[in-house]
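Participant: There's a structure below that I have some questions on.
The values are calculated or read from the model by the stated rules, or taken from the named source; none is laboratory data. Given the structure is predicted, the values throughout are model-derived calculations rather than measurements. No Cβ is skipped: glycine too gets one built from the backbone with ideal geometry, and neighbour counts run over all protein chains shown. With ligands, DNA and RNA removed, areas are computed over all heavy atoms of the protein, side chains included. Shrake-Rupley method; radii C 1.70, N 1.55, O 1.52, S 1.80 Å.
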Amino acid sequence: MEQTDGLIGFWQKDEKVWLELKPEDFNKPFFLSPKLARGIGEAGLFGGSISVPGSRVDERIVEFRRVHNLIQLIAVNSDFVARDPKAPEARAVAAGFAPSLLASTTVASQPHPERKTVLVDAAPLFLNDMLGLGTALQRAYRQGYALDSRNTYFTTVRAAADHLVLNVNAHFYTASIAVPQPGTPPGAPVPTVPRTVPDPRSIVLGLYYAISKLPEQPMAPRPADARIGYFTTTVDDFSDDLARSPRQRFVNRWRLEKKEPAAALSEPVKPITFWLDKTVPLKYRDAITRGILEWNKA
């Protein structure tokens with residue numbers, strides 16, 4: 001097997017991939033960002049999308065949890081919180097709002113004699129329909145699409161010090177095509193088929209999973225103001241039982257921090273960085289670049 005070190009190291013042999021999980025990786029929050037890397041050009045299934053109608057393609061906080069010989073990938077329920085983890089309110093939140101199980105697998109090795117790490121098969125964790133795309137296809141076309149696990153595989157896996165990326169070719173298949181039945185009332189939903197694939201029984205989607213570490217120092221939250229248009233994250237905070245409502249709305253924003261905090265104006269520690277997608281036609285790239293850089297004036 002070939003070994004690759006990183007935030008979460010992995011071992012690979014042919015189509016098989018094993019993650020090497022450290023003892024400190026368990027019960028530790030990570031940031032999971034899935035994307036649709038390749039779609040079919042219709043029904044909301046567009047390559048590069050960070051959300052797909054009717055699916056669970058969205059960003060979330062996850063943890064690896066070990067239950068004896070079982071490794072679970074858990075979606076943390078971060079929509080309901082209490083600030084003090086030792087307070088009774090935190091115990092009430094934990095009892096009232098459950099996490100979700102995304103996938104599970106078994107431990108595939110004894111602990112490493114020095115690193116105490118264990119290997120787990122990555123296939124049950126990521127070669128599945130974690131994102132609910134089969135259901136999204138069923139809703140879009142009213143056909144019996146489901147994941148074909150035998151023809152779903154990793155295309156590339158790479159790791160760095162702060163992230164792990166897994167690219168997946170996911171095959172969705174239905175053995176038969178349903179057709180509209182005679183006598184269907186006008187306006188009633190009827191089965192359709194995708195027009196953009198050679199064989200409507202077979203749909204191959206490209207999936208991208210990125211697991212990143214969270215920053216050591218959390219960013220200070222900024223409450224949203226209803227008078228100004230923001231993209232927001234809503235959290236129910238039960239820390240104060242005398243508050244009019246537990247619901248709090250925070251601005252989604254970049255982490256911009258001054259290199260010199262005392263200065264009135266300072267270069268940022270880490271500037272906002274944009275990338276131009278490689279599919280952007282060459283003749284538009286200069287105009288798009290200049291348009292993006294206009295934001296520097298603000």
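Participant: Got a sec to turn the phi values of the range 149-158 into Karplus ³J(HN,Hα) couplings, 6.51 cos²θ - 1.76 cosθ + 1.60 with θ = phi - 60°, whole Hz, x for Gly and Pro?
Facilitator: Couplings: 5, 5, 10, 10, 7, 6, 8, 9, 9, 9 Hz.
Participant: Apply the Karplus curve 6.51 cos²θ - 1.76 cosθ + 1.60, θ = phi - 60°, to the phi angles in the range 226-236 and return the couplings in whole Hz, x for Gly and Pro.
Facilitator: 5, 7, 10, x, 10, 7, 10, 10, 9, 10, 9
Participant: Highest mean first, how do 266-277, 38-49 rank when packing is the count of other Cβ atoms within 10 Å averaged over residues? Display every interim value, and only then the final one.
Facilitator: Working: 266-277: 9.7, 38-49: 16.5.
Result, highest mean Cβ count within 10 Å first: 38-49, 266-277.
Participant: Still on this structure, I have one more. The range 169-298: D in µm²/s via Stokes-Einstein (Kirkwood Rh, Cα pairs, 25 °C, 0.890 mPa s)?
Facilitator: Result for D is 113 µm²/s.
Participant: Is there a quick way to get the dipole size of the range 116-178? I mean about its Cα centre, with the Cβ of Lys and Arg at +1 and of Asp and Glu at -1; what is the value in debye to the nearest 20?
Facilitator: Details: 5 positive and 4 negative charges, 17 e Å.
Result for the range 116-178 is approximately 80 debye, rounded to the nearest 20.
Participant: Treating only the Cβ atoms of Lys and Arg (+1) and Asp and Glu (-1) as charged, compute the dipole magnitude of the range 184-296 about its Cα centre; round to the nearest 20 debye.
Facilitator: Working: 17 positive and 13 negative charges, 81 e Å.
For the range 184-296, the charge dipole is close to 400 debye.
Participant: Leaving out ligands, DNA and RNA, and with a 1.4 Å probe, what % of the accessible surface on the chain is carbon or sulfur?
Facilitator: That fraction is 55 percent.
Participant: Could you give the size of the charge dipole of the range 51-162 about its Cα centre, using +1 on the Cβ of each K and R and -1 on the Cβ of each D and E, expressed in debye and rounded to the nearest 20? Each step should come with its number before you reach the end.
Facilitator: Values: 13 positive and 11 negative charges, 30 e Å.
Computed charge dipole of the range 51-162: roughly 140 debye.
Participant: Please report Rg over Rh for the range 1-83, where both radii come from the alpha carbon positions and Rh follows the Kirkwood definition.
Facilitator: Numbers: Rg = 16.2 Å, Rh = 15.5 Å.
Reported Rg/Rh (Cα atoms, Kirkwood Rh): 1.05.
Participant: Along the charge dipole of the range 84-173, pointing to its positive end and built from +1/-1 on Cβ of Lys, Arg, Asp and Glu, which listed residue (Leu164, Ala90, Asn151) has its Cα farthest out?
Facilitator: Asn151
Participant: Which of the listed residues, Val17, Thr289, Phe31, is farthest toward the dipole's positive end in the chain, when Lys, Arg count +1 and Asp, Glu count -1 at the beta-carbon?
Facilitator: Of the listed residues, the answer is Thr289.
Participant: A further question on this structure: Could you tell me which residue out of Ala103, Ile71, Val52 lies farthest along the dipole of the range 52-121 toward its positive end? Charges go on the beta carbon: Lys and Arg +1, Asp and Glu -1, centred on the Cα centre.
Facilitator: Ile71
Participant: For the range 30-159, just the Cα atoms, rotate onto the principal axes and tell me the three extents in Å, largest first.
Facilitator: 48, 41, 26
Participant: Which of the three applies to the range 95-149, rounded, prolate or oblate, going by the alpha-carbon gyration tensor with a ≥ b ≥ c and a/c under 1.5 meaning rounded?
Facilitator: Numbers: a/c = 5.35, a/b = 1.93, b/c = 2.78.
It is oblate, given that a/c is not under 1.5 and a/b is not larger than b/c.
Participant: While we're looking at this one, here's another question. The chain: percent of C-alpha pairs farther apart than 23 Å? Don't jump to the answer; show the numbers that get you there.
Facilitator: Working: 29924 of 44253 pairs.
Value for the chain: 68 percent of Cα pairs lie more than 23 Å apart.
Participant: Quick one: in the range 87-223, what % of C-alpha pairs are over 24 Å apart?
Facilitator: On the way: 5207 of 9316 pairs.
I get 56 percent for the Cα pairs in the range 87-223 exceeding 24 Å.
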